[in-house]
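Below is one structure; the comments refer to it alone.
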Ligand code: SF4
């Protein structure tokens, strides 16, 4: 490590790392000056991003260094202030209080939230061991306020996660998705430019806003806010009614298509086009282009996943590419391997009926093991005997990011115990009983599990760029200290495995898998056991990477042929390559025909009919559009992605070169009607709260639709909050009926001009 650490100047070596601001995790190279990230550029050797970055990571030193960093454990006093304590005291007190909650109420009353953001997932892997040791059953993370509806649909249809080959697709459909700003696939901007300039290819965007991507599109289906379901149903209606369906694909690869096609044959296209406010001819043009293309790929994102009918929309989106046969070929959709799962399988993913788990207090549906974020406060603020009693929050800021922040704050303070791990004294940390300061993402071995590509899938384990900030610890060490205090592992077993690890990799492999075979319950503690044993035999400073050895073996067992094609005989060979290749390795290499191996249904066919959603589809004609009223006549999209917005790890407002306060975007006609000019201040009022914002008049917005950006409203030492904290405006009530995902992109609101 000391040879890697820069001391001064810009002639320092370029060190490999990754961007931590979105799930693309583009490879970066950085030059350091002391403890500063002095220069940042794309890593040409990264097998996914190949040197590409957008503008966002170039100021990552604002994350790495600044007044937000904390460097000592903190304990809350009764008056709400915090006192510094040492690590031993923190570990002793927290382990004792966690044990007390478990012993009094059961480990299932301890809730885990987070465990990794856009760039750090290794800590979360170690957190699983603490959950196993405590008997934790309920947890959640940001996926449960975005993706769980789609995950539920994926589980029913084919039991996996799909993505599109946008680089090669003849036609692309972006649905509530603006890849120019929110990316979502490798090298998004060059790919968008290539599609836009190629007359043989077509970009279709469904979005109420004229986003940067919509402005590049060949066909922009500019729906009225919240009406995407009618637009998609109309597209599907045209595909079926104009015989643009791939009948051979459906016969060969699906079951249950007939009733779905029959339902789509009845869709009143003209009526639904009118309902979504789009010219029927344009919808027919888009559908014909999708139906006739040699390949098509689609991408749905938060614009629809955080709005009305979100789970139904996920289903309709997937029906578009399924009934046109756009799966399992270049330029189409695919399923893929994964190095490590971010969430559990959705109920029914195996093809069996599947047990639908529910939360203990409110009975909310748990999807892929995740409690709906909108239900968490309700699982606490009650006198129900099974209410949650403690919460562990790792690398997440739910008091800022979950709907109805005041309610979440109330819930956190109602707990018997709350613990936060973070690099910063966040809005959530300021409510916790204990705050544990973590090393930054550039101060430890780290990785993400957003491995979602095909036929070549990539995993990057990145080494630290700096030593940990004095006083902080990497999450694996924090979890290990707690698990030791809890006496989680048998010392004799740890001793035997440590001796095996020092004897050699083969000896350790045999000893570890022998121990797991004798006691399968050990698997739950495996990350901790690996840290304590194999980790001590790894070269200096690499201990935090020990869990990757286990994940590499699981990966090699799950996809033996694809891992061999990638050049690795077994899990040990894959692990060694990962450790030796800081730009990342291709861990699976598939052929297109292998894509069907990833369909986790008993007959390896898609199960097209989902009764809960075909019923919703048939009811669309009678359904109303949720939302506005005379009191709240506007739809607020809360959380627009812009050039200078990012996830909340950027706390220093100085990172934004433009749009410093996160303007409220208003259409020209609404601005005229309200007497607003650029730079004026407007008050945004919703059923839950009110906030003021600077106005930007923008023809991106259609009348009746306004937007505020994500990532603002954070308190930074010396500044106070800058911009609007969106979840002071959102409510728990407005959420998807099935997945419980919040409607952040469809918040009824009114605007009031604030006199200057
Ligand atoms: S696309 Fe995402 S991961 Fe890549 S540089 Fe931009 S923000 Fe970072």
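Just so you know, all these numbers are worked out from the coordinates, no wet-lab data involved. Nothing here was measured: the structure is a model prediction, and the numbers come from that model. Every residue, glycine among them, receives a Cβ derived from its backbone with ideal geometry; neighbour counts consider all protein chains shown.
Annotations
- Stokes-Einstein D (µm²/s) once Rh is taken as the Kirkwood radius of the range 621-754 over alpha-carbon pairs, at 20 °C in 1.002 mPa s: 140 µm²/s
- One equal scatterer on each Cα of the range 327-482, no solvent, Debye formula: the resulting log10 I(q)/I(0) at q = 0.16, 0.18, 0.20 Å⁻¹ is -1.11, -1.20, -1.25.
- Residue-normalised convex hull volume from the C-alpha trace of the range 463-543: 98 Å³ per residue.
- When you count the other C-beta atoms within 10 angstrom of each residue and take the mean per peptide, 618-625, 205-212 line up highest first as 205-212, 618-625.
- In the range 717-756, the C-alpha radius of gyration followed by the widest Cα-Cα span (Dmax) gives 14.4, 45 angstrom.
- Label zone at residue 600 (point 7 Å along Cα-to-Cβ), backbone N below 19 Å, the range 488-526: 523-524
- The range 469-496 and the range 92-121 have Cα centres spaced 15 Å apart.
- For the range 483-591, the Kirkwood hydrodynamic radius comes to 14.4 Å, computed from all pairs of different C-alpha atoms.
- Taken over the range 630-693, the alpha-carbon convex hull comes to 114 cubic angstrom per residue.
- Helical content of the chain, expressed as a calculated mean residue ellipticity at 222 nm, amounts to -9500 deg cm²/dmol (DSSP H runs of 4 or more residues, -39,500 (n - 2.57) each, divided by residue number, nearest 500).
- Sorting 548-554, 515-521, 266-272, 37-43 by their mean Cβ neighbour count within 10 Å, with the most densely packed peptide first, gives 548-554, 37-43, 266-272, 515-521.
- Size descriptors for the range 294-348: radius of gyration and Dmax over Cα atoms are 13.1, 34 Å.
- Note on residue 198/residue 570: beta-carbon distance plugged into 1/(1 + (r/R0)^6) with R0 of 35 Å gives a FRET efficiency of 0.25.
- Structural descriptor for the chain: relative contact order 18 percent, calculated from alpha carbon pairs under 8 angstrom and at least 6 residues apart.
- Shape annotation for the range 210-254: C-alpha extents along the principal axes are 39, 21, 19 Å, from largest to smallest.
- Across the range 229-364, counting alpha-carbon atoms alone, Rg and Dmax equal 16.7, 49 Å.
- Hull volume per residue, based on the alpha-carbon atoms of the range 282-326 and their convex hull, is 73 Å³.
- Rg(Cα)/(2.2 N^0.38 Å) for the range 607-647, N = residue count: 1.89
- Size of the range 1-144 as Cα extents on the principal axes (Å, biggest first): 57, 33, 29
- Ellipsoid semi-axes in whole angstrom, largest first, where each is sqrt(5λ) of the Cα gyration tensor of the range 416-558: 27, 21, 15
- Shape annotation for the range 527-596: C-alpha extents along the principal axes are 42, 23, 15 Å, from largest to smallest.
- Whole-percent pair-distance distribution, where bins are 5 Å wide, for the alpha carbons of the range 66-124: 4, 13, 13, 19, 27, 17, 6, 1, 0
- Quarter the surface of the alpha carbon convex hull of the chain and you get the mean projected area, 31.4 square nanometres.
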